[in-house]
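Have a look at this one.
Only the coordinates and a few stated rules stand behind these numbers; no lab work does. What you see is a predicted model; the values in this text were computed from it and never measured. Ideal geometry is used to build each Cβ from the backbone, glycine not excepted, and the neighbour counts take in all protein chains shown.
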């Protein structure tokens, strides 16, 4: 039998919020494979999809900048080894340079700044990695907005479109856009809509839900699985999530209500959410 360390049990518990003994049993059954253990716990109805803690394997900060009157925006994640370095003036100044470079680089930002990164590693004495970046430019009418949360540990970049050019300057429109960035930071949607959820993920969810209710008639299983899938979409899809300031209203309903008030159609076109050190889906 594979020996299961207390550290691995603790790690699984932190990711799933399931009791220590259940986590250990799942790890034993999975032969020490943590991902298999998560699936086992989910099949038993003990762990919930999309609730995996995005624990930072690295430190660092996320930074963003909006230019051209909200027409263009960039966001970067730069990693270092300790929070002490992430907060010092030298690292902060380097972070600004990375953001500035991100405005013009189309390819790999880390490769484009290889010499600067090497020099900064020597100066600071810690490993530094430019992990990722995003750059949005408004397509048509709309605005780009950003929000940095928890002192740079979480960042959001968002594009919201509108039908009329003048709407982009409307105070209520800008307030709605700001509220959506706050929502994304707080609620961590994985995608914009259910159409963006990979088929592989959907298939895996259906299999898990079916195992949770196995033994029931096929038509009943089908209805239960469909209901669970709807709840799954409400957890991970931005447009279907309950709005953070009013959970009884979805983000889609918020946009429709505010659009009616403004007199224009509002559309979330895309977003990016970075959390320092989080696992990146392949």
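On average, how much area does the Cα convex hull of region 36-154 cover when viewed from any direction, in nm²? Kindly include the intermediate steps, with their values, before the conclusion.
Details: hull surface 41.3 nm².
Taking a quarter of the hull surface, the average projection is 10.3 nm².
Sticking with this structure for a sec: Within 10 Å of each residue's Cβ, count the other Cβ atoms and sort 230, 179, 171 from fewest upward.
Values: 230 11, 179 18, 171 8.
In increasing order of surrounding Cβ atoms, one gets 171, 230, 179.
Another question, then. Over region 1-53, consider all pairs of different Cα atoms and compute the Kirkwood hydrodynamic radius from their mean reciprocal separation; express it in Å, one decimal.
Numbers: mean 1/r = 0.0952 Å⁻¹.
In region 1-53 this quantity evaluates to 10.5 Å.
Another question about this same structure. Write down Rg/Rh for the chain, rounded to two decimals, with Rg from the C-alpha atoms and Rh from the Kirkwood relation over Cα pairs. Spell out each step's value before the answer.
On the way: Rg = 21.7 Å, Rh = 21.2 Å.
Using only Cα positions, Rg/Rh for the chain is 1.02.
Per the helix-only calculation at 222 nm, which mean residue ellipticity applies to the chain, given -39500 (n - 2.57) for every DSSP H run of n ≥ 4 and division by its residues, nearest 500 deg cm²/dmol?
The helix contribution divided over the chain gives -13500 deg cm²/dmol.
Rg(Cα) of region 127-175 divided by 2.2 N^0.38 Å? Display every interim value, and only then the final one.
Working: Rg = 14.1 Å, N = 49, 2.2 N^0.38 = 9.7 Å.
Dividing the Cα radius of gyration by 2.2 N^0.38 Å gives 1.46.
Given the alpha-carbon gyration tensor of region 85-177, what are the semi-axes of its equivalent ellipsoid in whole angstrom, ordered largest first, with each equal to the square root of 5 times an eigenvalue? Could you put the intermediate results ahead of the total?
Details: eigenvalues 215, 49, 15 Å².
Values for region 85-177, descending: 33, 16, 9 Å.
Give the percent of DSSP beta bridges with both residues in the chain that are antiparallel, rounded to the nearest 5.
Working: 36 of 37 bridges.
Antiparallel bridges make up about 95 percent of those DSSP assigns within the chain.
Which of the peptides 233-239, 6-12, 98-104 is most tightly packed, and how do the rest follow, judged by the mean count of other Cβ atoms within 10 Å per residue? Provide the component values of the computation, followed by the final result.
Working: 233-239: 19.3, 6-12: 15.1, 98-104: 16.9.
Order by mean packing, descending: 233-239, 98-104, 6-12.
Which three numbers, in whole Å and largest first, are the semi-axes of the equivalent ellipsoid of region 137-282 derived from its Cα gyration tensor as √(5λ)?
Working: eigenvalues 210, 69, 33 Å².
Output for region 137-282: semi-axes of 32, 19, 13 Å.
Taking the Cα centroid of region 228-262 and of region 152-176, what is the distance between the two, rounded to the nearest whole Å?
After rounding, the separation between the Cα centres reads 16 Å.
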